[in-house]
Each structure stands twice: as C-alpha cells, then as structure tokens.
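Working notes for the structure below.
Read-outs throughout are calculated quantities, based only on the coordinates presented, and are distinct from any laboratory measurement. From a predicted model like this one, the values you see are computed outputs, not experimental measurements. Every residue, glycine as well, gets a Cβ built from its backbone with ideal geometry; the counts of neighbours run over all protein chains shown.
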Amino acid sequence: MDFEHVLVVGAGQMGGGIAQVVAASGRRVSLHDSFPGATERGLAAMRKSLERLAEKGGADPDEVLGRVTAVDGLATRPDILQKTTVDLMTARPSLPDWASSDWYYALGWQVRPQGTSANWWHTGSLPGTVTILVRAWSGLAWAALFNTRPADADAFATELDTALWTAVNGVMDWPSVDLFGTYPLASRKP
C-alpha cells in the first residue's frame with residue numbers, strides 16, 4: 001500500500017516522531033493537535049531532531065519540514081478543510097423551520113451559533129453503540145464512543161453531552177504542555 005499524504009493526530013513525542021519519519025520518507029503530512037501550541041512544539045522538536053541528523057549527513061530540515069502542514073482548527077494556519085467547505089457544512093438551511101431557531105441541522109451537524117463562531121455536534125447510535133462528536137466555538141473538540149446502547153439512547157446522549165460540557169467548563173486552566181510524558185504507559189498497572 002502506498003500513501004502520498006498522511007494525517008497524524010497528536011503532535012506529542014510519538015505523533016511528532018511519526019510525522020517526522022513519514023515526512024523524511026518524502027510524503028506529505030498533516031499534523032493535528034487540539035491543544036493550543038502543541039503543533040508548534042511538535043514542529044520545534046522535529047526541527048531540533050532533524051538538525052542533529054543533518055549534522056551527521058541526514059536530510060535538510062527545511063526540506064523535510066516543508067512537507068509538514070500543522071493544522072489546529074484555528075484561523076492562524078491552513079486547516080484540513082477549506083473555509084468554504086466548513087461554511088457549507090455548517091450553513092443554516094433555508095427551510096422555514098430553522099429560520100428563527102437557536103440551533104439548526106446542517107449537513108450532518110447540529111449547529112448552535114455562538115458570536116462569530118458556533119458549536120457543532122453530531123450524535124449517533126447503532127445497535128450496541130452510542131457516539132457524540134463535538135467541536136466547540138473555541139476550537140476545542142472531543143468525541144465519546146461507547147460499545148453499549150441504553151434503551152433510551154437519545155436521553156443518554158443528552159445526559160452525556162451535559163456531563164462533558166460541565167467537565168470542559170470546569171477546567172480553569174488548560175495545560176500548555178503534553179502531559180502524556182508525565183504518565184508513561186509502562187508505569188500503569190493492568
């Protein structure tokens with residue numbers, strides 16, 4: 001199987017390392033991390049590593065990093081989806097039922113405008129599953145997937161959505177560093 005373009009989600013030590021190896025192999029990479037500043041830190045770590053390798057005859061760091069596009073959902077750099085695509089996905093439909101409502105159903109997303117941005121979400125369930133995907137007006141995004149489905153999946157999804165928003169809104173100060181290194185998997189007990 002041959003890949004020309006790879007999306008790496010997570011710009012920490014592992015994700016940045018994967019992005020570096022893929023880019024060094026000549027492929028284009030989109031590097032995504034929802035933590036503010038994480039993609040910049042990941043790119044800086046890649047540059048440092050590539051510069052050390054270049055001293056030993058490795059590829060030019062600028063050439064390798066030129067194949068990496070950092071995407072974070074903010075207007076500060078190119079994103080995975082073009083603005084026109086996002087605008088189309090989240091546009092208020094022309095149906096009269098949605099004309100004056102607080103929220104509306106767009107192309108696959110429920111949308112609630114918030115100032116100049118919006119919250120988007122999608123819930124779903126199949127036999128044995130329940131999911132919720134959220135992209136908040138701030139750019140923070142989360143997903144919850146369960147391998148069970150209660151009898152009243154809609155009520156469960158509503159309760160889950162409320163609990164997740166409560167948790168997100170309860171965070172007073174989001175970390176600005178990758179915490180995965182703080183809690184290595186090797187130290188976790190089964």
Amide N of region 26-69 lying under 18 Å from the label point, which is placed 7 angstrom from the Cα of Trp174 along Cα→Cβ: 31-43
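At a Förster radius of 41 Å, what calculated FRET efficiency corresponds to the Cβ-Cβ distance of Gln110 and Asp2, to the nearest 0.05? Present the calculation step by step, with values, prior to reporting the outcome.
Numbers: r = 38 Å, r/R0 = 0.92.
Computed FRET efficiency for Gln110 and Asp2: 0.60.
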Charge sum, other residues only, whose C-beta stays under 14 Å from Arg28's C-beta, Lys/Arg counted +1 and Asp/Glu -1: -1
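Rounded if a/c is under 1.5, else prolate if a/b beats b/c, else oblate: with a ≥ b ≥ c from the C-alpha gyration tensor eigenvalues square-rooted, which is the chain? Each step should come with its number before you reach the end.
Working: a/c = 2.22, a/b = 1.65, b/c = 1.35.
Note, shape of the chain comes out prolate.
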Cα-based Rg of region 83-170 normalised by 2.2 N^0.38 Å, two decimals: 1.15
Using a Förster radius of 25 Å, what is the FRET efficiency between Gln82 and Trp142 based on their Cβ-Cβ separation? Nearest 0.05, please. 0.60
Met89 paired with Leu133, simple spin-label distance in nm, labels 7 Å along Cα-to-beta-carbon: 0.7 nm
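For the pair Arg27 and Leu164, what calculated FRET efficiency results from E = 1/(1 + (r/R0)^6), where r is the Cβ-Cβ distance and R0 = 45 Å, to the nearest 0.05? Mind showing how you got there, number by number?
Details: r = 35 Å, r/R0 = 0.77.
Using R0 = 45 Å, I get an efficiency of 0.80.
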Compute the relative contact order of region 83-170 as a whole-number percentage, counting only Cα pairs closer than 8 Å that sit 6 or more residues apart in sequence. 16 percent
Of the DSSP beta bridges with both residues in the chain, give the percent that are antiparallel, rounding to the nearest 5. 70 percent
In degrees, nearest ten, helix 13-24 long axis to first principal axis of the chain (Cα): 60 degrees
If each residue of separation counts as 0.36 nm, what is the full-extension length gain between Glu40 and Ser101 once their alpha-carbon separation is subtracted? 18.1 nm
